[in-house]
Structure formats: C-alpha cells, structure tokens
Amino acid sequence: MGVKVYRDDNWHRITNGVISRKDIMHLDGEKDRELIGYLIAHAPEPCRSSMMEYAAKKCGMKEAPKLLININDPEDTFFWEYAVLCEQVKREDDREVLRSAALNCSDYDVAAFVFCRLTGTCFPASENDAYRYRTFSCDRMPGMTEEMIRELCLRIIEKEGYLKDAAEECLRNQEIRHS
C-alpha cells in the first residue's frame with residue numbers, strides 16, 4: 001500500500017500540501033479511490049500530472065478526479081477529507097497504530113475516526129441536514145475486546161484528550177451493557 005494516512009502524521013503532511021508521487025504507488029484503485037483522488041487533486045504541479053499518469057496506468061483512472069462536494073452545502077470544505085478518512089480508517093489493519101493515533105493525534109477528525117473504529121461507537125448526527133454525515137461511524141475493528149476498549153477509554157480520559165467526553169460515554173455504555 002502507498003501512504004497510510006493514520007501513520008507517521010501523514011494526514012497532517014498531506015493536508016498541508018506535502019504530497020509526492022510515492023504516496024499513490026501501490027494504492028488499490030478501488031479500495032483507495034477517495035485517497036487517490038484527493039492526493040491527485042491536491043498535489044502541486046508537475047507532481048499532479050505524474051500522479052495522474054501513474055493512476056491511469058496502474059489504477060485504471062481515465063480522468064482527473066472531480067472535487068467531492070457536499071450537495072447540501074457546497075462550501076463544506078471538510079466533506080472530501082471526511083470521505084478519505086472514513087475510507088482509510090477501514091483500511092488500517094494495525095490496532096496499535098490506531099490506538100496511538102487516538103491517544104496522540106493533534107487532529108480531532110483523525111482522533112474521532114480512530115476512536116470510533118476501535119470502540120465501534122459513533123457520534124450523534126447533527127440536526128443540520130447538511131452535516132448529518134459527520135458521525136464518524138465505521139465498524140469496530142476486528143479483535144477489539146471490551147477490555148481493550150475500556151483500557152483505551154481510560155487512557156484517553158487520563159490524558160484529557162480531545163475525546164475525553166466520548167470515552168466517558170463509551171465507558172458508561174459498557175457498564176450499562178454489563179449490568
């Protein structure tokens with residue numbers, strides 16, 4: 001696989017425009033479609049042209065990706081990034097990488113996705129229809145036990161991280177299930 005956005009602060013690097021052709025090498029044309037499109041669209045020239053050639057040859061992309069837009073709010077700059085993070089959290093297979101991101105990441109959106117992936121929880125949908133998609137919902141990572149979730153939540157609470165409230169809620173829900 002090419003770039004893994006949940007490792008080595010790669011997402012921060014990418015969103016700051018530091019993108020190279022190596023980032024798309026060995027990505028899967030179907031499973032990494034949103035990431036490939038995002039990388040190509042946000043890469044500086046001439047890197048963008050080189051990446052597009054590679055994507056055409058290796059991934060079967062025939063045209064440059066179109067900007068992914070929230071039709072309910074075209075000014076929503078987070079929509080495409082959300083789609084990439086959602087796609088890629090499901091592709092990350094290393095539980096420790098996700099755990100580290102949940103505990104140490106300085107980006108709320110990254111932390112929220114890894115928290116939801118590790119715990120199987122999601123956030124309530126916004127009452128604003130244009131932003132109802134922002135639940136960070138994704139299936140729980142296989143192999144995550146209740147004890148692992150409890151330990152993660154306790155560490156997040158201890159660190160007073162971004163997701164302290166979500167971790168406390170997750171622990172309360174765990175206790176209710178076991179009552």
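What the table shows:
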quantity: Residues satisfying the stated conditions in the stretch 136-148, i.e. modelled with pLDDT under 95 and buried (at least 17 other Cβ atoms within 10 Å of the Cβ); calculated: Cys138
quantity: Single residue of the stretch 161-176 satisfying the filter (without any contact (Cβ under 8 Å) to a residue 12 or more places away in the chain and more than 14 Å from Phe115 (Cα to Cα)) that is surrounded by the fewest Cβ atoms within 10 Å (Cβ to Cβ); calculated: Ile176
quantity: Of the criteria (1) within 19 Å of Ala166 (Cα to Cα); (2) part of a helix (DSSP H, G or I), which one Glu127 fails; calculated: (2)
quantity: Matching entry among Ala166, Ala112, Ala101, Ala83 (being small (Gly, Ala, Ser), in a helix (DSSP H, G or I), out of contact with any Pro (no Cβ under 7 Å at 6 or more places or on another chain) and more than 24 Å from Asp8 (Cβ to Cβ)); calculated: Ala166
quantity: Test for Ser49: is it among the hydroxyl-bearing types (Ser, Thr, Tyr), more than 12 Å from Gly2 (Cβ to Cβ) and modelled with pLDDT under 95; calculated: yes
quantity: The stretch 115-124, residues that are in a helix (DSSP H, G or I) and more than 26 Å from Asn16 (Cα to Cα); calculated: Leu118, Thr119
quantity: Residues of the stretch 21-37 satisfying the condition of being part of a loop (DSSP other than H, G, I, E, B) and either buried (at least 17 other Cβ atoms within 10 Å of the Cβ) or basic (Lys, Arg) (or both); calculated: Ile24, Leu27, Lys31, Asp32
quantity: Among residues of the stretch 38-80, those that are within 21 Å of the chain's Cα centre (by Cα), farther than 22 Å from Thr135 by Cβ and part of a helix (DSSP H, G or I), counted; calculated: 4
quantity: Selection status of Ala43, buried (at least 17 other Cβ atoms within 10 Å of the Cβ) and within 23 Å of Cys122 (Cβ to Cβ); calculated: no
quantity: Cβ pairs under 6 Å, 6+ apart, first in the stretch 11-37 and under 20 Å from Ala111 (Cα atoms) and in contact (Cβ under 8 Å) with a residue 60 or more places away in the chain, second of a type in the set (A, V, I, L, M) and assigned to a helix (DSSP H, G or I); calculated: Trp11/Val110
quantity: Any hit, the stretch 56-79, residues being in contact (Cβ under 8 Å) with a residue 12 or more places away in the chain, loosely packed, with under 14 Cβ neighbours inside 10 Å and of a type in the set (A, V, I, L, M); calculated: yes
quantity: Filter result for the condition that a residue is of a type in the set (Asp, Glu) and farther than 30 Å from Cys153 by Cα, over Glu92, Glu96, Glu81, Glu53; calculated: Glu53
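The values are calculated or read from the model by the stated rules, or taken from the named source; none is laboratory data. Given the structure is predicted, the values throughout are model-derived calculations rather than measurements. Note that we place each Cβ from the backbone using ideal geometry, even for glycine, and neighbour counts take in every protein chain shown.
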